[in-house]
Amino acid sequence: MIEQEVSKILDAAVPAPDGARGEWERVIRDAGLRRRRAWRLGPVLGLGAAVAAVAAVALLWPFRAEPDGVLERALAAVGDGPVLHVVFRGDWGGTLVDLETGARRPVHAEQEIWYDAERKLVHQIDRLGGAVQYERVSNPRQQPPELAALSREYRRALEAGTARVVGEGVVDGEPVYWLVYRSEMLPDVADDRLHEFAQQVAVSKETYKPVALRDTRDGKPGPSTGRRVLELETVSAEAADFTASGANVIDGMAYKEGREPIALEQARDVLGRRPVWLGREHAGLPLAEVTKTITAHGRQAQIELHGQSAADARECFEQLRPNARSRDDRPPEGRPEVCERARRAGRGLSMRDGRVYTHGPIRWERDRTGVALFYGMVGDDPSTYREDTIALFDQPHVSVAQSMQRLSVRSAPPGYVPPEGSVFVAAGGSGFLRRDGLFVSIQASTEDLVLSAARALEPMPG
Amino acid sequence: MRRDALAAIEGLYRARYAVFLRVATAICGDAALAEDVVHESFVRAVRHRADLRDPAALEPWMWRILVNEARKRRAAEQRLVRVAEETHERAATNGDHGRVRALIAVLPDRQRHALFLRYYADLDYEAIAAALGISAGTVAATLHAAREALRTQLTEVER
């Protein structure tokens, strides 16, 4: 009887606080816990969310509270190969506009990455509208921290249960769980206080594969930190692709451009055919300048080094490797004379797959010519003492560059050609189209001017 | 090991937070203070998780941290003593709640804490012993004494 009475007394004295959950994140924050170093999305090299599966994942502790085993399923969602293969949606896409109807549709950019952490190889392919823009195979001395971290930290966090489901959402119509798998307390220069910076992954509720990434600060997504993941898998080394092919391989690529003013009447001879133009004026902007453009593309040879030169270069790279350690875990003593000898062996040393290369001469293709018409204001160049006349691009303007060769037109996206009758408007506001067999690039101070110019182009009389 | 300990502490926090809060509230006599106590206790546990050698001893270890923290904070606040003095005087006119709290408040600390850990946290004698830093046999005796004291008080009030 007394037990029941005591129980009643205690229940009455302090009722159970139903619904109380606490704030674990605040505990972590106040404990000053530093997890693995945070990373940020790189502006050029995409970030991969590689998750290598572990075949059997058991719950480590009976207290885990993730809904429906999300973490376990996320861990088992991808293969367990050593090579990450991921495709991101890039942020350099644009819009294709039909010049007759005005209909618009997006042209997506994509970044495909193959990453082998063991061999330290990265193969990156950038595409626009499916056409390859740039491609590169590299063997960076310092591993891309974002790729290295994602290929290991995400999996480890899922295995250890330190990853957490922090919410749900929808990404491009697909229901997702948002997981935090990495966080760190860092000072923010804005207020000189510590804030929690974290990296989150959205996994599909259906497949549990990553479909998006984002950075957060105190739980709130940062501006422009979201990345859409289109494809993710891990494959064997044999199935991976680390072979760059095609003309758009960026390694060793060289470009030069020159301009000289010409009279309007010379434009046809320079171009080799009748140019297109906007008349003597467009949208109140007078034709102010006509120039001949000369461009050339080339490729710098990569010469492989052998013998002592190569050995010196390898040793120098090892000394310069970040966080390099000798066998007894001390910083390497360094032999500066090795690096000095290596530099004398050749310029622009690089190493890839264990082989050492130096820059050779640039082999230039033949010069290509084009014509550029500038509509707007011209004036004195304030950066020079002499009185001169230059096109004022900080004022309302339209510039139309044209050539018979695609690569001769500035800002033309490599590899991508919009269909006739439409103009591709890039994220930066420039336009690119084909007209009467010519490749035409339009730069203007507003998108409306780009579109009006694209519609108004007509053959120059003559 | 440190990562496993952290995961275990987090698991315990998420699974038993309400229970820890209830015991802390009982010891401190104040819900807001109890939240601070629970929070600080887990912060301390995370910082010192390397001291936890045996994962099986996590919960008793955690309770010990919490009870110590709650006692320290209560001593600083001295609120329960005031409440006991006030409610004991108003027991006849303040209704059952004040009366009940007063009954518990006048028990010695060890008896109260043993009661809380037994009834709110549902710990066994071994775990209570680890939490309070006493032997399991002393836990049994303490609980018996606490119950007897409450029964005596109940009988006196009812007269």
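None of the figures in this text is laboratory data; all of them are computed from the coordinates on show. In this text the structure is predicted, and so the values were computed from the model without any measurement. Backbone-built Cβ (ideal geometry, glycine too); neighbour counts: all protein chains shown.
A few comments on the model shown:
- Pair B:Ala15, A:Thr207: separation of 7 Å Cα→Cβ label points (nm): 3.4 nm
- Taking label points 7 Å from Cα along the Cα-to-Cβ direction, A:Asp188 and A:Arg335 give a separation of 5.0 nm.
- The calculated FRET efficiency for the pair A:Lys220 and A:Arg152, based on their C-beta separation and a Förster distance of 22 Å, comes to about 0.25.
- Under 14 Å, Cβ to Cβ, from B:Asp54 - net charge with Lys/Arg +1 and Asp/Glu -1: -1
- Sites A:Ala160 and A:Asp241, calculated FRET efficiency, Cβ-Cβ separation with R0 30 Å, nearest 0.05: 0.40
- Here A:Lys256 is the anchor, and the lysines within straight C-alpha reach of less than 16 Å, apart from those fewer than 8 places off in the same chain, are A:Lys292.
- For region A:84-97, 3J(HN,Hα) computed residue by residue from phi via the Karplus equation (6.51, -1.76, 1.60; θ = phi - 60°) reads 8, 10, 9, 10, 10, 7, x, 9, 10, x, x, 9, 9, 10 Hz, glycine and proline entered as x.
- Annotation for B:Ala145 and A:Glu281: the two label points, set 7 Å from Cα along the Cα-Cβ direction, are 10.4 nm apart.
- Those aspartates and glutamates that a straight Cα-Cα span of less than 18 Å connects to A:Lys205, excepting residues fewer than 8 apart in one chain: A:Glu66, A:Asp68, A:Glu72, A:Glu168, A:Asp172, A:Glu174, A:Glu231, A:Glu233
- Each eigenvalue of the Cα gyration tensor of region A:91-184, multiplied by 5 and square-rooted, gives one semi-axis; in descending order these are 32, 24, 8 Å.
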